[in-house]
Amino acid sequence: MKILVTGGAGFIGSNVADAFINAGHEVAILDDLSSGTQENVNPKAKFYQMDIADPRIDGIFAEFKPQVVNHHAAQISVPLSVDKPREDAQINIMGWLNLLEAGQKHQVEKIIYVSSGGVVYGEPENLPAREDFPMQPASPYGISKYAGEMYLEFFARRTKMKYVTFRYSNVYGPRQVPHGEAGVVSIFIKALLEGIPPTINGDGSCVRDYVFVGDVVEANLKALTKGENIALNIGTNRPTDVNVLYETIKTVMQSDILAKHGPSRRGDLQANYLDAGLAGQVLGWEPRASLSEGIARTVEFFKNRQAEPGRTQGDKG
């Protein structure tokens with residue numbers, strides 16, 4: 001199968017691209033390297049360095065002729081979307097429309113679209129959030145991801161294109177970038193490896209659903225052949241607040257460093273976690289890694305990177 005992975009040089013997209021290649025598929029990666037890195041690009045993949053909003057995208061579809069588009073490229077910062085909603089929309093809406101139009105023109109068979117279960121439901125009255133909950137995003141980022149879902153449904157109705165939309169919870173694991181609000185697990189790990197007290201935003205009571213990237217990869221593999229025109233939550237159904245998350249990381253790393261507390265972030269929700277039962281029914285998928293198991297594997301990755309020749313503790317790559 002020929003698969004185009006957008007954002008395939010980034011944290012989640014590169015892990016997914018590797019799995020597709022290991023499963024025997026032909027993969028092309030599209031990434032502008034604004035947040036991803038060249039070293040994450042699998043050498044067996046064809047690589048196109050380009051912004052998803054670039055009109056030259058059509059030429060990539062004409063050349064590679066993907067059967068499947070796996071769309072991970074996105075602007076993912078909630079605070080940035082609050083401060084610069086136009087910039088968020090340019091990537092998450094206009095860039096997405098650019099890809100959809102190219103996919104329609106070149107007869108892509110299936111799209112796996114990554115939305116965000118952490119934002120599209122807003123603050124539900126009851127948790128865990130299910131796919132049939134009302135959409136009430138509270139930030140421009142959430143609005144743009146939900147708009148992306150609606151545009152995908154529209155294009156699917158007009159064509160023979162099939163789709164699966166994934167509403168991820170908070171994904172963590174190897175290759176996660178240790179900066180920005182999306183990378184809290186790697187931020188904490190990196191700080192402890194350097195012997196620095198990390199900062200917890202607010203009082204640490206915000207509840208999230210942390211799912212290991214290896215489990216997310218499995219969902220993407222299954223969606224190549226299962227699921228048709230449906231949105232699925234990808235999470236653990238396990239609520240974890242930031243204080244508990246940090247204590248878990250401390251325990252795994254055998255550290256006694258205490259975290260500091262800073263101001264809360266703009267646009268943050270107080271509580272969100274997902275019911276992924278529908279993904280189990282449709283894909284036969286379920287999360288396997290416990291939080292402590294996933295963190296241990298993530299810590300091992302960062303320790304190995306820290307030990308690589310030529311790397312310093314301050315390296316972000």
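No lab work stands behind these numbers, since they all come straight from the coordinates. Just so it is clear, the structure is predicted and the values come from calculations on it, not from any experiment. Here Cβ is always computed from backbone atoms with ideal geometry, including for glycine, and neighbour counts include all displayed protein chains.
Brief remarks follow.
- Comparing Pro43, Thr236, Ala62 along the charge dipole axis of the chain, the residue lying farthest to the positive side is Ala62, per the Cβ-charge model.
- Karplus 3J(HN,Hα) series, Hz, for region 146-153 with 6.51 cos²θ - 1.76 cosθ + 1.60 (x for Gly, Pro): 5, 4, x, 4, 5, 5, 4, 4
- Under-5 Å amide H pairs with Thr199, H placed in peptide plane, nonlocal only: Lys260
- Relative intensity, log₁₀ I(q)/I(0), of the chain from a Debye sum that treats every alpha carbon as a point, q = 0.11, 0.12 Å⁻¹: -0.65, -0.79
- When the chain is described by a simple charge dipole with +1 on each Lys and Arg Cβ and -1 on each Asp and Glu Cβ, the residue from Pro178, Pro134, Ala53 located farthest towards its positive end is Ala53.
- The alpha carbon gyration tensor of region 61-139 gives principal lengths a ≥ b ≥ c with a/c of 1.5 or higher and a/b no greater than b/c, which makes the shape oblate.
- Least to most buried among Arg158, Arg265, Arg175, Arg297 (fewest other Cβ within 10 Å first): Arg158, Arg265, Arg297, Arg175
- Residues whose amide H falls under 5 Å from that of Ala138, counting only those 5 or more places apart or on a different chain, are Gly122, with hydrogens built in the peptide plane.
- For Leu232, distant residues with modelled amide H under 5 Å away: Thr165, Phe166, Arg167
- Euclidean distance between Cα centres, region 64-96 to region 195-225, Å: 19
- One chain, two ends: Asn304 and Gln49. Fully extended at 0.36 nm per residue, the span grows by 89.0 nm beyond their Cα-Cα distance.
- Relative packing of 103-109, 163-169, which averages over residues the other C-beta atoms within 10 Å, highest first: 163-169, 103-109
- Within the chain, antiparallel bridges make up roughly 5 percent of the DSSP beta bridges whose residues both belong there.
- For region 1-100, average projected area of the Cα convex hull in nm²: 5.9
- Here the sum of -39500 (n - 2.57) over DSSP H runs of 4 or more residues, divided by the residues of the chain, equals -11000 deg cm²/dmol at 222 nm, to the nearest 500.
- For region 176-232, alpha-carbon Rg over 2.2 N^0.38 Å: 1.56
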